[in-house]
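So the structure is just underneath, and the comments pick up after that.
The values are calculated or read from the model by the stated rules, or taken from the named source; none is laboratory data. Bear in mind that the values here come from a model prediction, so they are computed numbers and not experimental data. We place every Cβ from the backbone using ideal geometry, glycine too, and count neighbours over all the protein chains shown. What goes into the accessible areas is simple: the full protein's heavy atoms, side chains included, and nothing from ligands, DNA or RNA. Shrake-Rupley method; radii C 1.70, N 1.55, O 1.52, S 1.80 Å.
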Amino acid sequence: MYRDEIIPRRAGDRPSVAEWEAIVGNDGASDGTFWYAVRSTGIFCRPSCKSKPPLRENVSVFRSPDAAGSAGYRPCKRCKPTGVRLPDEEWILTITDYIRERYMEPLTLEKLAEIGHGSPYHLHRIFKRVTGVTPVSYIQEFRIRRAKELLAESGVSVAEIGARVGLPNAPYFITLFKKVTGCTPAQYRLLQRKEDANHE
């Protein structure tokens with residue numbers, strides 16, 4: 001493979017065949033010739049990054065780490081594409097942003113570690129240090145917050161609201177909601193309606 005074959009045509013282009021082969025093959029010889037960013041995670045990497053290969057349609061290539069950064073991507077924690085270690089706070093912000101956008105999907109510690117290009121153990125430890133809670137607690141609290149909004153603003157059934165916030169098992173959703181808020185979803189909705197009536 002010649003180096004001029006893998007130089008991006010324009011910042012933000014989809015990868016060429018040669019670039020894609022370099023990404024999938026973790027080609028260290030391609031490091032420094034281009035950087036690739038993954039739209040679904042908001043992270044950019046060196047071609048040699050050992051993280052799981054992304055979907056090709058989610059990948060853009062850039063001539064420099066600055067160009068990727070200017071496009072809104074954050075450097076990978078694992079391969080350090082800028083040559084500088086990503087601060088823990090920025091790394092965790094990448095994860096919390098992902099949770100806020102995908103909270104309704106199945107989310108596990110392993111999935112978040114894969115997205116963040118780190119190990120589950122390391123992510124759990126750093127996440128708790130930075131945010132004060134574990135990743136699982138953060139996800140649960142965010143889902144319950146969204147459920148409270150839906151209960152107050154809509155007439156959708158409790159089971160449907162649970163499914164919408166990523167908790168499709170209705171009994172589990174009700175139990176978790178009560179554990180976090182001190183009341184069941186139905187009780188919370190009733191309280192909100194009483195409060196609204198009192199303010200009218």
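Within segment 14-33, residues that are part of a helix (DSSP H, G or I) have Cβ atoms under 8 Å from residues that are β-branched (Val, Ile, Thr) in these pairs: 18/6; 19/6; 19/61; 20/59; 22/6; 23/59; 30/6, counting only partners at least 6 apart in sequence or on another chain.
Restricting attention to segment 132-161, report how many residues are farther than 15 Å from residue 103 by Cβ and part of a helix (DSSP H, G or I).
Final tally of qualifying residues: 6.
I'm trying to understand the selection: among the residues of segment 132-149, which are of a type in the set (Val, Ile, Thr) and either out of contact with any helix residue (DSSP H, G or I) (no Cβ under 9 Å at 6 or more places or on another chain) or open to solvent by less than 20 Å² (accessible area, probe 1.4 Å) (or both)? Scanning segment 132-149 gives 139, 144.
On the given criteria, is residue 129 of a type outside the set (Phe, Trp, Tyr), open to solvent by less than 50 Å² (accessible area, probe 1.4 Å) and assigned to a helix (DSSP H, G or I)?
Answer is no for this residue.
Selection of segment 66-89 for residues being in a helix (DSSP H, G or I), more than 15 Å from residue 37 (Cα to Cα) and open to solvent by less than 40 Å² (accessible area, probe 1.4 Å) yields only 88.
Here residue 166 meets the list (1) in a helix (DSSP H, G or I); (2) under 26 Å from residue 95 (Cα atoms) almost entirely, failing just condition (1). In segment 98-118, the qualifying residues are those that are open to solvent by less than 50 Å² (accessible area, probe 1.4 Å) and not in a helix (DSSP H, G or I), and the one that is nearest to residue 81 (Cα to Cα) is 117.
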